[in-house]
Amino acid sequence: ELYSSIVYKRKLTARMKKITDKKLLPCPVAVLLQIVGTRWKILIVKELLSGTKRFSELKKVIICSQKVLTSNLRELEADSIISRKVYPQIPPKVEYSLTETGKTLEPIVLDMAKWGEYYKNLCEKNSD
């Protein structure tokens with residue numbers, strides 16, 4: 001476990017010279033979806049907009065498996081959207097927060113919430 005964590009950290013540090021290793025698509029909208037297009041990633045970003053969170057806090061509000069959450073957190077970290085801080089203590093303490101790049105997603109998330117509310121209301125009106 002410790003060895004894999006060290007190896008992962010080294011690989012991540014080596015990749016941090018570039019913002020992402022992904023070959024980005026030509027369409028800017030497609031790029032956004034490529035980076036935060038899964039339902040889990042955008043929900044992680046939404047939760048981190050209110051501040052730094054521990055893994056357990058994210059797990060409580062994002063209802064998915066631990067494996068899926070961990071995988072999405074690692075991908076967001078690899079794409080420089082979130083940062084991960086590990087405290088050297090037992091039991092281990094890990095905190096996640098948005099990077100400066102990640103914080104630029106706030107207006108997008110807020111607009112998505114507005115549209116979601118609009119659509120919910122529209123559906124409720126049409127079901128009457």
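The values are calculated or read from the model by the stated rules, or taken from the named source; none is laboratory data. All values reported here derive from a predicted model rather than from experimental measurement. With ideal geometry, Cβ positions are generated from the backbone for all residues, glycine too; neighbour counts draw on all protein chains shown. The protein model used for the area step is the full one, side chains on, heavy atoms only, and it has no ligands, DNA or RNA in it. Shrake-Rupley method; radii C 1.70, N 1.55, O 1.52, S 1.80 Å.
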> By the scheme Lys and Arg +1, Asp and Glu -1, what is the net charge of all other residues having a beta-carbon under 10 Å from that of residue 57?
Replying inline: +2
> Of all the accessible heavy-atom surface of region 36-128, with the other protein chains kept in place and a 1.4 Å probe, what percent is carbon and sulfur?
Replying inline: 56 percent
> For helix 2-15, what angle does its Cα long axis make with the longest principal axis of the chain, in degrees from 0 to 90 and rounded to 10?
Replying inline: 70 degrees
>> At R0 = 30 Å, how high is the FRET efficiency between residue 100 and residue 61 if r is their beta carbon distance? Nearest 0.05 is fine.
In response: 0.80
> Any idea of the accessible area per residue across the chain, 1.4 Å probe, to the nearest Å²?
Replying inline: 72 Å²
>> What number does the chain give for Rg over Rh if you use C-alpha atoms and the Kirkwood radius?
In response: 1.03
> When the chain is treated as a GNM, springs tying every alpha-carbon pair under 10 Å, which of 31, 45, 86 comes out with the largest mean-square fluctuation?
Replying inline: 86
> Cβ under 13 Å from residue 72's Cβ, residue 72 left aside: what net charge do those residues give with Lys, Arg +1 and Asp, Glu -1?
Replying inline: +3
